[in-house]
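Values in this text are rule-based calculations from the coordinates and carry no lab data. Being a predicted model, the structure only gives us computed values, none of them experimental. Here Cβ is always computed from backbone atoms with ideal geometry, including for glycine, and neighbour counts include all displayed protein chains.
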Amino acid sequence: MKDIHRTQGTLTSFHLEDFFDRYEHEEGLINLASSDALPWNGATLRAAGVELPDICTLGFGYPDVKDKLLPLLATFCNLPSGFGLLPTSGAAEAIALVMQHGAVTQSKESIWGLPTPSYGAFAGLARAHGLPVKTYAYQPNSGWKPDLNQIFDLSKECSVLVVVNPHNPTGHTIDDRSMRELASNMHFRGSLLVVDEVFRERGETSSAVGLGENVIVLGSLSKTYGLPGLRLGWIAAQEKRLSGLRTVQQY
Ligand SMILES: Cc1ncc(COP(=O)(O)O)c(C=O)c1O
């Protein structure tokens, strides 16, 4: 895996975590690199006299993301071939990774286009990382609708454009045709389209997953599915885009 560079610093590959990603759940191996005691599971705890509800069948080790979670999520997200998923701790971590990765890889002058009003993590993390931001507005005097012309104009200026679709807090959506056009215009210019779909209801609005190799989709089970405590989110993107994000996550 390549190290991630920016003039102000370098995020080198986290070789130990790469090793764990590859071997941690492989059967029959004794993990000499492990730094913890063998994880507990429900059966051992019950045998030790701990009362647990029947529902508690999960273990307490690291989850087997590669072989168990990823195939299920890929089906759930209808992932096209060539695209992959990076599970995250809610969409909040997905946003943090995308912005931190951008802060390390993009030039200092790269503009981020963000919606306003919006979920505060985008603007807050952009501020924290010193990323230059321009905003497009959901307008109160037009029933809080987005101005598509403004979005398209801004997309010509920015290196990364964030779209929250459906949008929080207005609930407005951007139609499929505009999303496709936005993705392809931005691809042509070599810029990224980040689409936060945490409020997407399957069957109601289409997903931007697979719209282009420059499209990064963020999702989670927190909002539409009412499962915020699971802290299960993801980033769906072309495989080659995920590797840098994975390195940031390993730190
Ligand atoms: C637009 C948007 N994206 C992401 C998140 C974070 O969601 P999660 O609970 O999955 O971390 C929120 C939470 O309110 C949100 O409104």
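Which net charge results for the neighbourhood of S184, defined as the other residues with beta-carbon distances under 14 angstrom from its beta-carbon, given Lys and Arg at +1 and Asp and Glu at -1? Don't skip to the answer; put the middle values down first.
Working: positive: K156, R177, R180, R189; negative: D176, E181, E213.
Taking every Cβ under 14 Å from that of S184, the sum is +1.
Filter the trypsin sites (Lys or Arg not before Pro) in segment 103-182 down to the DSSP loop ones having no more than 15 other Cβ atoms within 10 Å, then list what survives. Counting only loop positions with at most 15 other Cβ atoms within 10 Å, the trypsin sites (Lys or Arg not before Pro) in segment 103-182 are K108.
In the chain, taking the dipole from charged Cβ atoms about the Cα centre, the farthest positive-side position among A103, L131, P63 is held by L131. Couplings 3J(HN,Hα) of segment 62-67, computed from phi: 5, x, 7, 5, 4, 8 Hz, in residue order, whole Hz [Karplus 6.51 cos²θ - 1.76 cosθ + 1.60, θ = phi - 60°; x for Gly and Pro]. Average 1/r across all pairs of distinct alpha carbons in segment 181-251, invert it, and you get the Kirkwood radius: 13.2 Å. Of the chymotrypsin sites (Phe, Trp or Tyr not before Pro) in segment 19-80, the ones in a loop by DSSP (not H, G, I, E or B) with at most 13 other beta carbons within 10 Å are W40, F60.
Convex hull volume of the Cα atoms of segment 79-221, normalised per residue: 111 Å³.
Considering only L211, S159, Y119, and ranking their Cα positions along the charge dipole of the chain that arises from unit charges at the beta-carbon of Lys, Arg, Asp and Glu, the one farthest toward the positive end is S159. Taking amide hydrogens as placed 1.01 Å from N in the peptide plane, the amide H of Y138 sits under 5 Å from those of T116, each at least 5 positions away in sequence or on another chain. Full extension of the chain between A48 and S81 yields a length gain of 7.3 nm, computed as 0.36 nm times the residue separation minus the alpha carbon distance.
May I ask for the equivalent-ellipsoid semi-axes of segment 73-155, computed as the square root of five times each C-alpha gyration tensor eigenvalue and listed largest first in whole Å?
Working: eigenvalues 123, 74, 36 Å².
Semi-axes (√(5λ), whole Å): 25, 19, 13.
Principal-axis analysis of the Cα atoms of the chain puts helix 90-105 at an angle of about 70° to the longest axis. Comparing Cα centroids, segment 233-249 and segment 13-51 end up 24 angstrom apart. In a fully extended conformation the segment linking R127 and W40 would gain 27.2 nm over its present Cα-Cα distance, using 0.36 nm per residue. On full extension, the segment bounded by L230 and E17 gains 74.4 nm, given 0.36 nm per residue less the C-alpha separation. With Cβ to Cβ distances under 9 Å as the rule, what net charge do the other residues near H25 carry (K, R +1; D, E -1)? Computed value for this residue: -3.
Provide Rg over Rh for segment 3-116; use the alpha carbon set for both Rg and the Kirkwood Rh (inverse mean inverse pair distance). Don't skip to the answer; put the middle values down first.
Numbers: Rg = 19.3 Å, Rh = 18.1 Å.
Here Rg/Rh amounts to 1.06.
Averaging 1/r over each pair of different alpha-carbon atoms in the chain and inverting the result gives 19.8 Å, the Kirkwood hydrodynamic radius.
To the nearest 500 deg cm²/dmol, what mean residue ellipticity at 222 nm is calculated for the chain from DSSP H runs of n ≥ 4 alone, each contributing -39,500 (n - 2.57), summed and divided by the residues?
Numbers: 8 runs with 83 residues, N = 251.
About -10000 deg cm²/dmol.
Taking Cα atoms only, the orientation of helix 120-129 departs from the longest principal axis of the chain by about 90 degrees.
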